[in-house]
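Below is one structure; the comments refer to it alone.
The values are calculated or read from the model by the stated rules, or taken from the named source; none is laboratory data. Everything numeric in this text was worked out from a predicted model, so none of it was measured. Here Cβ is always computed from backbone atoms with ideal geometry, including for glycine, and neighbour counts include all displayed protein chains. Heavy atoms of the whole protein, side chains included, go into the accessibility calculation; ligands, DNA and RNA do not. Shrake-Rupley method; radii C 1.70, N 1.55, O 1.52, S 1.80 Å.
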Amino acid sequence: MSTLTRISGSFGQPHDTATTETDVSASQNVEGDPHLVIIEPEDNPQNMSSFKRWLAVLIISSASLCAAFTEQGSAQTFHVSHEVTILGISLFVAGLGSGPLLVGPLSEVYGRNIVYQVSYVLFFIFTFPVVFAPNIAVFLVFRLITGFCGSAFLSVAGGSVSDMFPNSSIASPMAVYTISPFIGPVAGPLIAGFINQHLYWEWTYRVQLCWIFVEFLMLVVFVPETYVPVILKKKARRQGLRESTGDPKFYAPWTDEKALLLLLSSNGAAPFLELLLFDRMALLLDSWNALILGILYLAFQAFPVIFEDIHGFNMQSTGLTFIGIGLGMLSAISTQPFWNRGVPFSLILYARETAKYNGDPPPEMRLIMGQVGAILVPVGLFWLAFTTYPQVHWIAPIIASVPFGSGIYFVFTSTFTYLVTAYRPIAASAMASNSALRSAFAAVFPLFAGAMYDRLGTVGATALLAGLSTIMAPLPFVFYRIGARLRKNSRFAAH
């Protein structure tokens, strides 16, 4: 049986040395193996300076700002219906969702950096056919491909954050990573609205090309490798242990030639598929996230109906209406320091749980923030629904979208942080399964938005969405109480 090496799923405090474990067979204990290349404190990504870790978080999170919306301009250029050009968004999001199913496991074999860099080189190259597409078919095909190529941040970035920060301090960096994929879709219509109204729609993608190029340079220069097994493999190669000693027994994690096949077949494909099929908690949390992201992307079609058809806004003014959602997200992230210390209503509970678990409270504590989000999302949507009447001032639905935006931040920050802590051994794959399901919803929802709003009206359609989010609202309350028991029975979760 070939020798496999793995790194245990958890680290201690930021300056603790990671625990390294080697499994040769089910019954053999190899602790103290002299041929095992172990991690030293200087190799541990959690021991990097705070500045370097936070700079890496900001760079990999900023990748998600590459969002573009050009349906109206492309419809005029290619002489197709508006519904056909909506496929540009749906296919791009479908690519974003399917990509992590591959790059998530790959990052757990080859490391995070190579996945980021290859992904963004391909993203840059395949955006050119989008800019210079001769027909709608080429445009749509390469929107799908660019979504796939640019998808690394959806799952791998969560793994990088998990690599660099211990459970005790992961909340703030995970909050930054969480909000970035949603600021992009909010900023996209705003920026694209001004570009499309005053220039050709192709300029939206030319601006995006410039951003992708800058992003790639920052990834190469400032983001180090953070995945410990790959760090150790490079360390063994760098030190030349095999060559200098003449002993071929020196090994590091994942040096087995069959590691990739093993990961993708039994340890890689299984987590993100079986997690959805057999882990009820992960499936329900991912479904909750998927519904809310689907509603957010549906808003890209609903807001033009509300503000252009009812209130007579032009394209760039409609883009500005997304500021309400953005303000809600930014106001929510500004509360993160209070959550880190324990907000007043949960401070006593948080302190009690922290003391009970010797300073390391269970992952379920992360769901308290999700409980707030579970309330804010339907409140914001119901408020939005009943302020879309023509006689109601246009500022009212924009104000209503603020709590909706705040709720989005609280829901996703809570869920993402919970997933990477509760499923830390397969953090990247856990995020990949979440990304796949929510991106599937986000790809489909815009396609039926027009028909739904035509049939039900702005009030009925938005209220329906609010009702669906209300049905899912109890999830963080339920899993806060029974999550620990469900994790003990899960073969994927950290116990």
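All told, residue 491 meets the bar of being more than 17 Å from residue 302 (Cβ to Cβ), at pLDDT below 95 and open to solvent by 20 Å² or more (accessible area, probe 1.4 Å). Listed by first and then second residue, the pairs with beta-carbon distance under 9 Å, at least 6 apart or on different chains, first residue in region 298-319 and in contact (Cβ under 8 Å) with a residue 24 or more places away in the chain and at positive phi, second in a helix (DSSP H, G or I) and surrounded by fewer than 16 Cβ atoms within 10 Å (Cβ to Cβ), form an empty list. Got at least one residue in region 211-229 being of a type in the set (A, V, I, L, M), surrounded by fewer than 18 Cβ atoms within 10 Å (Cβ to Cβ) and either farther than 23 Å from residue 122 by Cα or touching a Pro at 6+ places or on another chain (Cβ under 9 Å) (or both)? No, region 211-229 contains no residue that is of a type in the set (A, V, I, L, M), surrounded by fewer than 18 Cβ atoms within 10 Å (Cβ to Cβ) and either farther than 23 Å from residue 122 by Cα or touching a Pro at 6+ places or on another chain (Cβ under 9 Å) (or both). Within region 190-210, being in a helix (DSSP H, G or I) and open to solvent by 20 Å² or more (accessible area, probe 1.4 Å) holds for 190, 191, 194, 195, 196, 197, 198, 202, 203, 206, 207, 210. Being closer than 23 Å to residue 58 by Cβ and touching a residue at least 24 places away in the same chain (Cβ under 8 Å): is that true of residue 136 here? Here the answer is no, as residue 136 does not meet what is asked. Of the residues making up region 386-434, those that are part of a loop (DSSP other than H, G, I, E, B) and closer than 29 Å to residue 464 by Cβ number 9. Applying the criterion of being aromatic (Phe, Trp, Tyr) and open to solvent by less than 40 Å² (accessible area, probe 1.4 Å) to the residues of region 86-123, the residue that is farthest from residue 140 (Cα to Cα) is 116. Being modelled with pLDDT under 90, open to solvent by 20 Å² or more (accessible area, probe 1.4 Å), within 24 Å of the chain's Cα centre (by Cα) and aliphatic (A, V, I, L, M) is a property that holds for residue 437. Taking first residues from region 198-219 that are under 22 Å from residue 314 (Cβ atoms) and partners that are part of a loop (DSSP other than H, G, I, E, B), the Cβ contacts under 7 Å between residues at least 6 apart in sequence or on separate chains come to 201/70; 204/68; 204/70; 205/68. Filtered by the rule that a residue be surrounded by fewer than 15 Cβ atoms within 10 Å (Cβ to Cβ) and either more than 21 Å from residue 90 (Cα to Cα) or of a type in the set (A, V, I, L, M, F, W, C) (or both), region 449-458 gives 451, 455, 456. Could you go through region 127-148 and let me know if any residue there is in a helix (DSSP H, G or I), open to solvent by 10 Å² or more (accessible area, probe 1.4 Å) and either in contact with a strand residue (DSSP E or B) (Cβ under 8 Å, 6 or more places away or on another chain) or over 26 Å from residue 446 (Cα atoms) (or both). Scanning region 127-148 turns up no residue that is in a helix (DSSP H, G or I), open to solvent by 10 Å² or more (accessible area, probe 1.4 Å) and either in contact with a strand residue (DSSP E or B) (Cβ under 8 Å, 6 or more places away or on another chain) or over 26 Å from residue 446 (Cα atoms) (or both).
Within this structure, residue 172 passes the test of being hydroxyl-bearing (Ser, Thr, Tyr), open to solvent by 10 Å² or more (accessible area, probe 1.4 Å) and under 18 Å from the mean Cα position of the chain (by Cα). For residue 321, the criteria (1) modelled with pLDDT of 75 or more; (2) open to solvent by 20 Å² or more (accessible area, probe 1.4 Å); (3) within 26 Å of the chain's Cα centre (by Cα) hold in every case but one, which is (2).
For residue 392, the criteria (1) of a type in the set (Val, Ile, Thr); (2) farther than 27 Å from residue 459 by Cβ; (3) more than 11 Å from the chain's Cα centre (by Cα) hold in every case but one, which is (2).
Look through region 42-66, keep the residues that are among the polar types (S, T, N, Q) and part of a helix (DSSP H, G or I), and return whichever of them is modelled with the lowest pLDDT. Spell out the reasoning first.
Here is the first cut: in region 42-66, the residues among the polar types (S, T, N, Q) are 44, 46-47, 49-50, 61-62, 64.
Filter again for part of a helix (DSSP H, G or I), leaving 46-47, 50, 61-62, 64.
Values: 46: 84, 47: 86, 50: 86, 61: 83, 62: 82, 64: 66.
The residue in question is 64.
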